[in-house]
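Okay, structure first, notes after.
What follows draws every value from the coordinates through simple rules; no lab data is involved. From a predicted model like this one, the values you see are computed outputs, not experimental measurements. A quick note on method: Cβ atoms are made from the backbone with ideal geometry, for glycine too, and the neighbour counts reach across all protein chains shown.
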Number of protein chains: 2
Amino acid sequence: MNEKFDVKITFGNNVKNTRLKQNISQEKLGDLTGLHRTYISEVERGRRNVSLENIYAISKALNVKMSELLDF
Amino acid sequence: MNEKFDVKITFGNNVKNTRLKQNISQEKLGDLTGLHRTYISEVERGRRNVSLENIYAISKALNVKMSELLDF
């Protein structure tokens, strides 16, 4: 089965890995971005087709450039 | 007046500049992405809070990595 590439999953993994490297909880990332913890959890599980503004908010909260979360 | 940074405008400019460098019309980019020409026009004018999947479609159509359109 030729699994279609899912950009949401790759982005979600990048957010999770970056967050964990910085020892930040989903709750804390939620606070920093103004997004709900469950939304962060869904993003990290590749369930959300995140908007540009939320991608930017997440990257700012993690102190990385958007390009670092989307380098593919 | 401290104008708040607008990620939509910067992304739109990057899409437009990349498209023009490749001599691709908005119409053609619309065809390549499956998105309507007017949607492309609104993205380039910073009027659209583009979703991750559409950012990916645009970057694929322009043959650049998403990180090149979001290097900020």
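Give me the net charge of B:LYS16's neighbourhood, meaning all other residues with Cβ under 12 Å from the Cβ of B:LYS16; Lys, Arg count +1, Asp, Glu -1. Walk me through the numbers before you get to the answer.
Details: positive: B:ARG19, B:LYS21, B:ARG45; negative: B:GLU42, B:GLU44.
Charge balance near B:LYS16 sits at +1.
Name the nearest-to-axis residue of chain B, judged by Cβ distance to the rotation axis taking chain B onto chain A, and quote that distance in whole Å.
For the rotation taking chain B to chain A, the closest Cβ gives B:SER67, 2.
Between copies, how close do the A:ARG37 label points come, placed 7 Å along Cα→Cβ, listed in nm from shortest?
5.0
Between the range A:5-43 and the range B:25-44, how far is it from one alpha carbon centroid to the other, in angstrom?
What the calculation gives is 30 Å, centre to centre.
Using a label point 7 angstrom from Cα along Cα-to-C-beta, what distances in nm, from shortest up, separate A:GLU53 from the other copies?
Going from nearest to farthest copy, the values are 2.1 nm.
What are the chymotrypsin sites (Phe, Trp or Tyr not before Pro) within the range A:1-40 that DSSP puts in a loop, where the Cβ has at most 11 other Cβ atoms within 10 Å?
Values: sites: A:PHE5, A:PHE11, A:TYR39; in loops: A:PHE5.
Taking the range A:1-40 and a limit of 11 other Cβ atoms within 10 Å, the loop chymotrypsin sites (Phe, Trp or Tyr not before Pro) found are A:PHE5.
Quick one: with label points 7 Å out along Cα→Cβ, list the inter-copy distances for B:ILE9 in nm, shortest first?
3.8
Given R₀ = 30 Å, what would the calculated FRET efficiency be for B:LYS21 paired with A:VAL64, taking r from the Cβ atoms and rounding to 0.05? Before the final figure, lay out the partial values.
Numbers: r = 27 Å, r/R0 = 0.89.
So the FRET efficiency works out to roughly 0.65.
Under the rule of -39500 (n - 2.57) per DSSP H run of 4 or more residues, summed and divided by the residues of chain B, what mean residue ellipticity at 222 nm is obtained, to the nearest 500 deg cm²/dmol?
Result for chain B, helices only: -17500 deg cm²/dmol.
Quick one: how many lysine pairs does chain B have with C-alpha atoms less than 17 Å apart and a gap of 8 or more or different chains? Give me the count, please. It would help to have the intermediate numbers written out before the result.
Values: B:LYS8/B:LYS16; B:LYS16/B:LYS28; B:LYS16/B:LYS60; B:LYS16/B:LYS65; B:LYS21/B:LYS60; B:LYS21/B:LYS65; B:LYS28/B:LYS60.
Close lysine pairs under the 17 Å cut-off: 7.
Which of the trypsin sites (Lys or Arg not before Pro) found in chain B are in a DSSP loop and have at most 13 neighbouring Cβ atoms, other than their own, within 10 Å?
Counting only loop positions with at most 13 other Cβ atoms within 10 Å, the trypsin sites (Lys or Arg not before Pro) in chain B are B:LYS4, B:ARG45, B:ARG47.
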